[in-house]
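The values are calculated or read from the model by the stated rules, or taken from the named source; none is laboratory data. Because the structure is a prediction, the values reported are computed rather than measured. Using ideal geometry, Cβ is built from the backbone for each residue, glycine included, and neighbour counts are taken over all protein chains shown.
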Amino acid sequence: MSVEVVVVGIGSGLAAHLTGEAVAALNRVDVFLVADKGSAAADLRTLRTELCVAVITHPGYRVVEVADPERGPDAERDRAAYEAGVRDWHHARAERYADVIRRELPEGGTVGFLVWGDPAFYDSTLRIVESVAEQGVELTTTVVPGISSVQLLAARHRLVLNGVGGSIHVTTGRRLVADYHPGLGDVVVMLDGALTCARLLEAHPDLHIFWGAQLGLPDEALVAGPLAEVLDEIRATRLRLRAHRGWVMDTYLLRGPSLSLPLP
Ligand SMILES: C[S@@+](CC[C@H](N)C(=O)[O-])C[C@H]1O[C@@H](n2cnc3c(N)ncnc32)[C@H](O)[C@@H]1O
């Protein structure tokens, strides 16, 4: 049995954000494996189903939901325990995927994973696929890039993410306070449900923020300005979005005072 695994970046989930290469890849898939969880799951499942219906031109594909293994409480762990926990969780997930692939495609075929945004940004799918191969499933992997929330954030705010010749640092809310210093240049923050940037204000009162939530979706929201002045507006917007949709996903850029502001 030989399996092709296609890992497809689907941007925000709207068909308009798919590349032509992604549409062609989706049309090759026999079985999609999905493992959504958390409060956003049902909503995201609907978006994904609508996407498949909109762009796949044959009826022959199947969608198989794979129950996610339990994962421990990230916030309470130190870095080593966190990384070990994530590795164990990837392994457990990979075992389940390997079983499902053997069961669903005994003669081989094409397995698809739909990844929000782009598979290169804070997504574990490629690591898990590698682990599936380590468990003896003979497979080749094709990755199709998608539009990341990082790119959408920059486009919506009409930003070049770096200063001229400068660096861009991409990190998570979990690491922001420990890592931040102005020498990093522009800092893009993902996975930060707690708006950790508020904790930088005392030491860095001049920071600007360019914030975006539900990017690419109909309830997309944007706020930009001096962090100290717009923080309350961002907090209020997050609450409104969560009340409306049941979940909120946001990404933001922090910029020090020396860099130029975006186009008007
Ligand atoms: C697990 S990471 C996945 C990132 C994804 N692979 C990408 O390329 O955007 C989830 C984080 O991505 C960001 N994100 C994903 N979708 C978003 C959206 N529609 N609007 C704003 N941020 C989003 C948020 O920071 C969220 O916490």
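For TYR122, only one of the following conditions fails: (1) more than 16 Å from the ligand (Cβ to nearest atom); (2) in the same structural domain as LEU26 (by TED's automatic domain parsing); (3) not in a strand (DSSP E or B). What is its number?
Failing condition for TYR122: (1).
Which numbered condition in (1) in contact (Cβ under 8 Å) with a residue 60 or more places away in the chain; (2) crowded, with 16+ Cβ neighbours inside 10 Å is the only one that VAL170 fails?
Status for VAL170: all satisfied but (1).
Restricting attention to segment 3-20, report how many residues are closer than 16 Å to GLY112 by Cβ, away from the ligand (no atom under 16 Å from the Cβ) and of a type outside the set (A, V, I, L, M, F, W, C).
1
So, of the residues in segment 125-150 that are free of Cβ contacts under 8 Å to residues at least 40 places away in the same chain and surrounded by fewer than 16 Cβ atoms within 10 Å (Cβ to Cβ), which turns out to be nearest to the ligand (Cβ to nearest atom)?
First pass over segment 125-150, keeping only residues free of Cβ contacts under 8 Å to residues at least 40 places away in the same chain: 127-128, 130, 133, 136.
Of the ones still in play, those that are also surrounded by fewer than 16 Cβ atoms within 10 Å (Cβ to Cβ) are 127, 130, 136.
Numbers: ARG127: 13, GLU130: 17, GLY136: 28 Å.
In this case the residue turns out to be ARG127.
I'm trying to understand the selection: among the residues of segment 175-187, which are out of contact with any helix residue (DSSP H, G or I) (no Cβ under 6 Å at 6 or more places or on another chain), farther than 21 Å from LEU222 by Cα and surrounded by 17 or more Cβ atoms within 10 Å (Cβ to Cβ)? Don't jump to the end; show me each part of the working.
We begin by selecting, within segment 175-187, every residue out of contact with any helix residue (DSSP H, G or I) (no Cβ under 6 Å at 6 or more places or on another chain); these are 175, 178-179, 181-187.
Still in the running and farther than 21 Å from LEU222 by Cα: 175, 178-179, 181-185.
Within segment 175-187, GLY185 is the sole residue that qualifies.
Quick check on this structure: which one of ARG79, ARG102 is exposed (fewer than 15 other Cβ atoms within 10 Å of the Cβ), of a type outside the set (Val, Ile, Thr) and under 30 Å from LEU161 (Cβ atoms)? Write out each step before concluding.
On the way: ARG102 fails: under 30 Å from LEU161 (Cβ atoms).
On inspection, the qualifying residue turns out to be ARG79.
Which condition number in (1) surrounded by 18 or more Cβ atoms within 10 Å (Cβ to Cβ); (2) away from the ligand (no atom under 11 Å from the Cβ) is the one that LEU153 fails?
Only one criterion is unmet by LEU153, namely (2).
Does at least one position in segment 106-114 carry a residue that is in a helix (DSSP H, G or I), aromatic (Phe, Trp, Tyr) and either within 16 Å of the ligand (Cβ to nearest atom) or surrounded by 15 or more Cβ atoms within 10 Å (Cβ to Cβ) (or both)?
Scanning segment 106-114, I find no residue that is in a helix (DSSP H, G or I), aromatic (Phe, Trp, Tyr) and either within 16 Å of the ligand (Cβ to nearest atom) or surrounded by 15 or more Cβ atoms within 10 Å (Cβ to Cβ) (or both), so the answer is no.
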